[in-house]
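Inspection log for the structure reproduced underneath, given as structure tokens.
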Amino acid sequence: MIVSDEVSRREGWTNEVFQDLQVKADLGRYRIRGFSTFQRIAHFDDIIFIPRYISGKGVELRPADVSTETVLGTRYARNAISISTPVYITGMSYGALSRSAKTALAKGAAKVGTATCTGDGGMLTEERKYSTTMIYQVNASRYGVTPQDMISGDAVEVVVGQGAKPATGGLLMGQKVSAIIAKKRELPPGIDQRSPTRHPDWLGPDDLGIFIEMLREVTDWRVPVQVKIPACRVKDDVKLAAKAGADGIVIDGMQAGTGASSEVVLDHSGIPTLPGIVLAREALEELGLLKKVYLVASGGIRNGIDAAKAIALGADAVAIGQAAIIALNCNRELPGITDFVREVGVPAGYCTKCHTGKCPVGITTQDPRLEKRLAIDEAAVRVASLLSSMTLEMKLITCALGKRNVHDLTVDDLSALNVEASMMAKVPMVGSGGTLLKSAGKGK
Amino acid sequence: MCGIAAILYKTGESTRSQAVGLQLREMLYSMRHRGVDSTGVNIAGQHFGTDYVVRVVVSEDQGASHVIEGVRNAVAALGGSIVFINDFGRFRRIGLNYSGDLGKLSDSILSVKGAEIHSIGRSSEVIKDVGDAYELDKKHHFSKVNGTHGLGHVRLATESQVDITHSHPFWAYPFPDITVVHNGQLTNYHKLKREFQQRGFRFQTHNDSEVIAVYIADKLSRRRKLGDALEESLDDLDGTFTYVVSTDSGMGMAKDRWSAKPFVILETDEMVGVASEEVALRRIFPDDVRRIEPQEHEVLTWNVSLAPRIKVRLN
Amino acid sequence: MTERLAGNVPKALSAPVSQGYSIDARKLTTRLLNASIKSGVSKGRYITILNPDARHNLAVGIVKRCSLSFAGSVGYYCCAFCDGISATIEGNSGWGLGDNLMSGSIVIREDAGASVGASMRGGQILVWGNAGARAGISMKGGTLVIAGNSGFLTGFMMQRGRIIVMGGVGDAAGDSMYEGIVYVGGEIGSLGVDAKTESATRSEEVELRAFLKALKFRDDILPRRFRRIVSAKRLYQYDSLEPLERERLVI
């Protein structure tokens, strides 16, 4: 079909908008979907590394020479967590994900010696059993939270919010509130569950300080306490969390994923991951706490090079969600087993229907017939391979820059390919030699 | 990010040996886990011996003597006369006599580059600085200052540099003896600030708490009673807030509709103490005084009623 | 507290125990104090904590059966994240008393601050005084009894369990409840979103009275009748769904 010039040049009133409004004229409410924002925003692809050649003595390094060992949580905890690579699996709820998916993630992470995180649905015994480093999430809903589970964790994460949907809480549609999930969360089965947006027992940074101390007392000051913040007013939030006594901060940018959210907040609230990391780093620098309080970046980290860039911008580690899910077969047609078009109405590669519970590959579903399609051990190997590939990518770029430790990557190794990325990441635009950075204004 | 505390002696005389300043120091120190970046107090019901005491602070990038010279000139130009100036580093406690419009005097002082006013009062003054309550006392010796009532605040700042300007209590320009301490965050701050600015009010900071001081002062200047002004604020202010206002003769508190910020009260026939946490009040009150927790959307006021038998104390 | 109620509060909140010892909180940092309590608990002792001075985070994360008594007021999160404790508090508490209680019993003589019993999963909390705002917020099980009045947003986002308030409740009571019941003997300030009131049934009244009498509530201070606040369940589902969302699987 030949589309006329007028139609193909249309801004603001695209085909997608037409369809969306027609659906809303039936629906009468906001639309919900899974995955993350699809807005075109400056992201990691818009910044690049710049190795030195004649200007710097190149060192003969191979990826095997590069260290990726990462230690997080030396500020207050007795036992910091130690992982073999600076990428771990972020918290995703049991409820949003199937039991098989959570188990595969734990096994996969353990295979490479990195961490997993529980989620907005409590801890599964399989998670603790298979994970070598498990971060225990305490979030606004407190579903499934028990002192014993918390004490069994290797770190505690206080979730203030998620980058995908700042200012709203978790959403689990009725299709996924099965009898088992309902029992775990102590809810009526089949309802459209909405988690609270803020914690029941603390309301401001002053109380957060007391709350964090409480978590430390529960865990005998053994384990790091990190605070997960959606990237919004980053400097204020990071500074307050650091002052409230966090060992680490997880900054979750706009490109982060979710099992279900209204499009209103998915696409239209929060700031991107690139400036999120930079502002968080600056906030810690201004407090004199950089590297004393660790920084984890998350929100659309897709591969090892994204991770390396995040680390160069100031993160000590990154957390992946969507990438890990994709390693579990998300959006992959399994011949003879799945039929995406028939099951979810779109071809494989286009599905964002996590919230419906109809996941054809058994990841974001509570239907046992679908969950069966996820072979746990095979999936665990795929997750481990993804993590290994990311680690190898990080090592490759690190040694190309002549460095022996991935944590030695810094902003000085980066340049930006366009103006937006340059201003967001505060790195010089290629060719401008830093002039754009000056006019962008340093500091606040 | 904050803790607030206040104390008021109902008959204006304390039967205790402790000065109001000392009691505030103890209360604020016990809440330092709520914020140690800066601490501030306002001690009211003092006898200055001059018409007003003005607390001025010189901003860091200016030379102090130069700025104070400018302030002297500003006061003299309006017919005021300075009686004493106490020196606390970059702070000056200026006792002056003046019978004109206080708004003009404030503007005149504020027009001196590098001068900020922490308070102007007939019987009260604001003392605020970086550090915790004990550090504040070491520098400014406020634990010796007595009065009929006082309020205080501890702050956890988001700014990194040393910054006193955004500390509480906020003085309500240009009304003497009206100060506010606030715990919480106003969400309609920008809108309210613009409305006041259009009416000619000046703001010295970007802190939302300052607008509460201006709001209350505006109401009081239009002859609303303190209690009514506080009641109206419950609807006019949006966000989370628990705040305490001090005037020359009393104080009042308002708690938002969400009951989001903590606040407890201990009261006897002689005195009333309020604070963000009970731990502060137990420093002053014995165990057997019962604790009261105000409900959401609530306003309370207390007055100092000075009986004739109270001796007039000179500073 | 009303005079009638004040006369009913038991002199001793728990039965006297011959074996036990006391710790003076004033001499210890919170860390040392909690470590002492945990160590004493593991030896199976009855512990009295003297001079708690309304401090925060006392006796948190205790998952062994034990008996604790606080000879004064406590601050925030007292006895949070505990399982199997039996605690009494002679004064007031700050926010979050008994937060996430798994099982056991907490009795407090005076007033509890906001969010008492937040997210509790089981066990029982008894407040002889009044409770602040958001009592029983996000509750997931167990019983919260308030002899006096309870504040704003009582039972907010409650999922399971029972709250029994002998006095009145403030505004927005039972807001956004999933399940669970708030029994109220006195006035209801106003109902929250998706909440409704009903009268308690006869058998419920009988059961409640028996339960409260076992907790030492005298007949003359029990309310004449209880009303129940429960979820009206109108917000359980989105009222309109997209085609793919419409097929509901009951698993």
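The values are calculated or read from the model by the stated rules, or taken from the named source; none is laboratory data. Everything quoted here is computed from the prediction, not taken from an experiment. With ideal geometry, Cβ positions are generated from the backbone for all residues, glycine too; neighbour counts draw on all protein chains shown.
Observations
- Just one of (1) surrounded by fewer than 14 Cβ atoms within 10 Å (Cβ to Cβ); (2) modelled with pLDDT under 90 fails for residue A:35. It is (1).
- Qualifying residue in the stretch C:98-105 (condition: surrounded by fewer than 22 Cβ atoms within 10 Å (Cβ to Cβ) and within 14 Å of chain A (Cβ to nearest Cβ)): yes
- When residues of the stretch A:385-420 are limited to those that are among the aliphatic types (A, V, I, L, M) and surrounded by fewer than 19 Cβ atoms within 10 Å (Cβ to Cβ), the one farthest from residue A:67 (Cα to Cα): A:419
- Any chance residue C:193 is at pLDDT below 95 and either within 14 Å of another protein chain (Cβ to nearest Cβ) or part of a loop (DSSP other than H, G, I, E, B) (or both): yes
- Screening the stretch C:212-251 for residues that are surrounded by 15 or more Cβ atoms within 10 Å (Cβ to Cβ) and part of a helix (DSSP H, G or I) and picking the one that is nearest to the chain's Cα centre (by Cα) gives C:212.
- Some residue of the stretch A:8-30 being touching a helix residue (DSSP H, G or I) at 6+ places or on another chain (Cβ under 9 Å), crowded, with 16+ Cβ neighbours inside 10 Å and not in a helix (DSSP H, G or I): no
- None of A:279, A:274 is away from chain B (no Cβ under 13 Å), in a helix (DSSP H, G or I) and closer than 19 Å to residue A:47 by Cα except A:274.
- Residue list for the stretch A:346-387, restricted to those being assigned to a helix (DSSP H, G or I) and among the hydroxyl-bearing types (Ser, Thr, Tyr): A:356, A:385
- Residue list for the stretch B:275-295, restricted to those being within 21 Å of residue C:116 (Cβ to Cβ), facing another protein chain (nearest Cβ under 9 Å) and part of a loop (DSSP other than H, G, I, E, B): B:276, B:277, B:282, B:287, B:290, B:293, B:295
- Selection within the stretch C:198-211 - surrounded by 13 or more Cβ atoms within 10 Å (Cβ to Cβ), in contact (Cβ under 8 Å) with a residue 24 or more places away in the chain and of a type in the set (Asp, Glu): C:204
- Applying the criterion of at least 2 residues that are at the interface with chain C (Cβ under 10 Å from one of its Cβ atoms) and at pLDDT 95 or above to the helices (runs of 4 or more DSSP H) found wholly in the stretch A:162-249 leaves A:205-218.
- Residue check, residue B:243 within 27 Å of residue C:150 (Cα to Cα), within 15 Å of the chain's Cα centre (by Cα) and of a type in the set (Phe, Trp, Tyr): yes
- Here residue A:141 meets each of (1) farther than 28 Å from residue A:74 by Cβ; (2) within 11 Å of chain C (Cβ to nearest Cβ); (3) touching a Leu at 6+ places or on another chain (Cβ under 9 Å); (4) at pLDDT 90 or above with one exception, condition (3).
- Only listed residue being within 12 Å of chain B (Cβ to nearest Cβ), in contact (Cβ under 8 Å) with a residue 12 or more places away in the chain and within 13 Å of the chain's Cα centre (by Cα), chosen from C:168, C:148: C:148
- Any hit, the stretch A:23-41, residues being more than 15 Å from residue A:263 (Cβ to Cβ) and either touching a residue at least 60 places away in the same chain (Cβ under 8 Å) or away from chain C (no Cβ under 14 Å) (or both): yes
- Scope the stretch A:48-81; condition of a type in the set (Val, Ile, Thr) and either in contact with an Asp or Glu (Cβ under 8 Å, 6 or more places away or on another chain) or modelled with pLDDT of 90 or more (or both); matching residues: A:48, A:50, A:66, A:68, A:70, A:71, A:74, A:81
- Residue pairs whose Cβ atoms lie under 8 Å apart, separated by 6 or more positions or on different chains, with the first residue in the stretch B:53-66 and closer than 14 Å to residue B:87 by Cα and buried (at least 16 other Cβ atoms within 10 Å of the Cβ) and the second modelled with pLDDT of 85 or more and among the acidic types (Asp, Glu), are B:53/B:125; B:55/B:125; B:56/B:116; B:57/B:116; B:58/B:116.
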